[in-house]
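Notes for the one structure printed next.
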Amino acid sequence: LLSSYACAVPGIMATRSIPSARDRLVTILIAPITTCGARLPVYALLITAFVEDTPVFGPFTMQGLTLFALYMLGALSALAGAAILKRSLVRGRSLPFYQELPPYRWPSMRAVAQQIWQRMRIFLKRAGTVILGASIILWVLLNFPRQEVPAGTSDSRAQQIVLENSYAARVGKAIEPIFEPMGFDWRVNVGLLGSFAAREVMVSTLAQVYGRGGEATEDDEGLIDRVRAQISRPSAFALLIWFVYALQCISTIAVIRRETNS
């Protein structure tokens, strides 16, 4: 569960060391609720835009406490979910947990370098396939079909015309009734769809939707101003809660399918 705070995928794979099939299944199901690192860019963007950086006490600010509260909400929800599952869907007797610890020794530089390289390869593969691929697909959906723009139209207005008539806008508007109670418009809906590929894609999607280009980041002042102008404060907090509980990324779903064979 602690390793799932970096990414739920290795956390789920590490459940192979749990001898009880019941405890293993419960751990797999609650691991994605822990706050993985991919959520941080989204949290940083929304907290920066909608929470004042006012001191509360000592070195703690309202923005920092908000982030801490989101982490605590995920952790407590995971523990509560485990308790509910063990008393309802996944009943049975638990086995005592045991794990043989190897003799620890100082690692060699070669072993450290190999581990770092393997982690880098995994990250680069993910960033170069899932995240980059999702960003390219979203760019296509946001810019096609091409629209005829009247002569003399400003660049910002022309971009808005193309965006409002794009394939992504049609999908976002089609699911608007589902998310309307939370105050999400079609732009946010497009970002939510992109986040299923990878959580951090939400930021690059909003950057494209709000006309900042795909390289904008969560601390981009222009993007923050546009998000603040387009999303209300209650909807922003609803979006934060969404990212605590919502269906996880495709990679997590795939590894759950593989590890549980169901």
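The values are calculated or read from the model by the stated rules, or taken from the named source; none is laboratory data. Note that this is a predicted model, so its numbers are computed, not measured. Cβ atoms come from the backbone with ideal geometry, glycine included; neighbour counts cover every protein chain shown. Please note that ligands, DNA and RNA were not included when accessible areas were found on the heavy atoms of the full protein model with its side chains. Shrake-Rupley method; radii C 1.70, N 1.55, O 1.52, S 1.80 Å.
Kindly establish whether residue 116 is more than 30 Å from residue 222 (Cα to Cα) and touching a residue at least 24 places away in the same chain (Cβ under 8 Å).
So residue 116 fails the test.
Are there any pairs, at least 6 apart or on different chains, whose C-beta atoms fall under 6 Å, with the first in region 1-30 and among the β-branched types (Val, Ile, Thr) and the second open to solvent by less than 60 Å² (accessible area, probe 1.4 Å) and outside any helix (DSSP H, G or I), and if so, which?
26/90
Criterion first (modelled with pLDDT under 95, touching a strand residue (DSSP E or B) at 6+ places or on another chain (Cβ under 9 Å) and under 22 Å from residue 227 (Cα atoms)) does residue 155 satisfy it?
No, not satisfied.
If you scan region 154-199, which residues turn out to be among the hydroxyl-bearing types (Ser, Thr, Tyr), out of contact with any Pro (no Cβ under 9 Å at 6 or more places or on another chain) and open to solvent by 10 Å² or more (accessible area, probe 1.4 Å)?
Result: 154, 156.
Going by what's in this entry, would residue 47 be described as under 29 Å from residue 227 (Cα atoms), surrounded by 10 or more Cβ atoms within 10 Å (Cβ to Cβ) and at pLDDT 90 or above?
yes
Just to be sure I understand, how many residues within region 1-35 are crowded, with 18+ Cβ neighbours inside 10 Å, outside any helix (DSSP H, G or I) and modelled with pLDDT of 90 or more?
Of the residues in that region, 2 qualify.
Test of understanding: among 98, 104, which residue is of a type in the set (Phe, Trp, Tyr), over 18 Å from residue 37 (Cβ atoms) and without any contact (Cβ under 8 Å) to a residue 24 or more places away in the chain?
104
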